[in-house]
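The structure appears right after this line, and notes come after that.
The values are calculated or read from the model by the stated rules, or taken from the named source; none is laboratory data. Computed from a prediction, not measured in an experiment: that's the story for all the values here. As a convention, Cβ positions derive from the backbone with ideal geometry for all residues, glycine included, and neighbour counts pool all protein chains shown. For the accessible areas, the whole protein counts, side chains as well, though only heavy atoms, and no ligand, DNA or RNA atoms are used. Shrake-Rupley method; radii C 1.70, N 1.55, O 1.52, S 1.80 Å.
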Amino acid sequence: MTAKKIPITCPTLSHKPDIQRIFKEILNSGMITNGKYVEKFENRIRKYLRVKHAIAVNSCTSGLMLILKALNLEGEIIMPSFTFHATGHAAVWNNLKPVFVDCRPDTYNIDPEKVEKAITPLTSAILAVYIFGNPPEITSLEKIAAKHHLKLVFDAAHGFGSLYQGKPPGGFGNAESFSLSPTKLITSAEGGIVTTNDDKLAQKVRFGRTYGDGGDYNPQFSGLSARMSELHAALGLMNLKSLEQNVSRRIKLVNLYKKLLIGIPGISFQTISDGNRSSYKDLSIYIDTETFGISRDRLYDALLAKNIIAKKYFSPPLHRQIAFKKYTGNKEDYINTNLLSENSISLPLYSHLQEKTVRLISKTIDHIRQRCLK
Ligand SMILES: *Cc1c(COP(=O)(O)O)cnc(C)c1O
């Protein structure tokens, strides 16, 4: 057992000495929310993601809520069941019915063929997710959305650091929403970013983050109070500088995990399609109980007993959560989602995780298996 707990994730903060000076400057200025640091942060993100608009908000969830609101959607919205529940909450808060669709067993991302089958006359949009940082099949989804006159939105909570066919996310579909919460690749403590190339939509989201009020105290619609503070923006600016470094580091650590685990029977990995880059917000492995010898749940417990904190992402999936039960369709429609949620496990991964810890975790997994097989 390791003496210290190995967490599933941990924010990588570049401890810049000037952050204290910047915080002091912000506090002394009297302008502590939605000021020049927010603007600077938005501009940096816009350039990094090569998108026309970046709007800082207080979370990815409120970003998604504002996008769906600004698009004036009604009826049904198609989304994966294998995702974090915030994807679903954003729809329900907008009075939309989430229609959960199965994922692919290899990429863990929403299956475009099943998306097309789920379209009804009530469908107004598709909400796809970069699962664990792996880009979904954006070109296919764009084609389906265009063919059926649907809006297309991305939950890019895990998207900072991802590349789809060499391109950063941000400008795909009608809009995308990114998270800056502490478990993601870069953080502003809490926060989110909405991106879009659509001027009108950008304006509505900007109004939406301030109650829907364009400044004349006569709001055009009911928005949220979802601005980003200057302190959060300063933190985000500081951490944005290490984004590329964080991704390269994670890719290196994942390659090491793969090298060490690939020889163990019954373990497989999420497929990242050719030409794409995953941000590796998480490294999820799939445990085939029969070949591996023990179940995912037993492996999880045994790792915990060794002070290694893994996570059962996403278990239960949305179609089996209390909040979404009434939207659940036919249970047979979620074969791959059920398999993943019952058999996959995310291993500790963060940008400053050490190679020796990856070796220790991999060796522990092999030991647990061998001990249980005896
Ligand atoms: C973290 C996460 C969110 C929520 O992000 P917040 O910034 O905490 O609102 C939404 N979707 C997915 C897929 C996430 O992992």
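Quick look at the values:
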read-out	value
Label-to-label distance, nm, for residues given as Cys10 and Ile262 (7 Å Cα→Cβ offset)	2.8 nm
Segment 292-334: radius of gyration over Cα atoms, expressed as a fraction of 2.2 N^0.38 Å	1.56
Per-selection Rg to Rh, the chain - Cα, Kirkwood hydrodynamic radius	0.98
Total formal charge among the other residues, if their Cβ is under 12 angstrom from that of Leu353, Lys/Arg +1 and Asp/Glu -1	+4
Candidate aspartates and glutamates - alpha carbon under 14 Å from Lys252, same-chain residues fewer than 8 apart omitted	Glu244, Asp282, Glu355
Volume per residue that the Cα convex hull of segment 104-224 spans, once the total is divided by residue count, Å³	125 Å³
Viscosity 1.306 mPa s, 10 °C: Kirkwood-radius Stokes-Einstein D of segment 165-280 over Cα pairs, µm²/s	93 µm²/s
Pairwise FRET efficiency - Ser222 versus Lys331, Cβ, R0 = 41 Å, nearest 0.05	0.70
Proximal lysines relative to Lys311, as straight alpha-carbon distance under 16 Å, when same-chain residues fewer than 8 apart are discounted	Lys5, Lys184, Lys281
Protein accessible area in segment 242-326, 1.4 Å probe - carbon and sulfur %	51 percent
Rounded accessible area per residue of segment 169-280, 1.4 Å, Å²	40 Å²
Relative contact order (%) - criterion: Cα under 8 Å, at least six apart; region: the chain	23 percent
Counting DSSP beta bridges with both ends in segment 50-183, the antiparallel % (nearest 5)	15 percent
Arg44-Thr291 pseudo-label distance in nm [points 7 Å out on the Cα-to-Cβ vector]	4.4 nm
Cβ charges +1 (Lys, Arg) and -1 (Asp, Glu), total dipole of the chain, debye	1200 debye
Relative contact order computed over segment 135-237 (Cα-Cα under 8 Å; 6+ residues apart), in percent	18 percent
Environment charge at Ser341 (Cβ cut-off 11 Å; Lys +1, Arg +1, Asp -1, Glu -1)	+2
Relative frequency of Cα-Cα separations exceeding 19 Å in segment 1-112, percent	68 percent
Burial order of peptide ranges 166-173, 56-63 (average beta-carbon count within 10 Å, highest first)	56-63, 166-173
Computed label-point distance, nm, for sites Lys143 and Met31 using a 7 Å Cα→Cβ extension	4.8 nm
Gyration tensor over alpha-carbon atoms, segment 162-217, equivalent ellipsoid semi-axes in Å	24, 18, 5
Structure-based [θ]222 nm, the chain - -39500 (n - 2.57) summed over DSSP H runs of at least 4, per residue, nearest 500	-11500 deg cm²/dmol
At most 15 other Cβ within 10 Å, DSSP loop - GluC sites (Glu not before Pro), segment 35-105	Glu74
C-alpha long axis of helix 138-147 to longest principal axis of the chain, angle in °	50 degrees
Charge sum, other residues only, whose C-beta stays under 11 Å from Asn276's C-beta, Lys/Arg counted +1 and Asp/Glu -1	0
For segment 262-374, the spread of Cα positions along each principal axis, largest first, Å	45, 39, 26
At R0 = 45 Å, FRET efficiency that the Cβ-Cβ distance of Gln165 and Glu190 yields, to 0.05	0.90
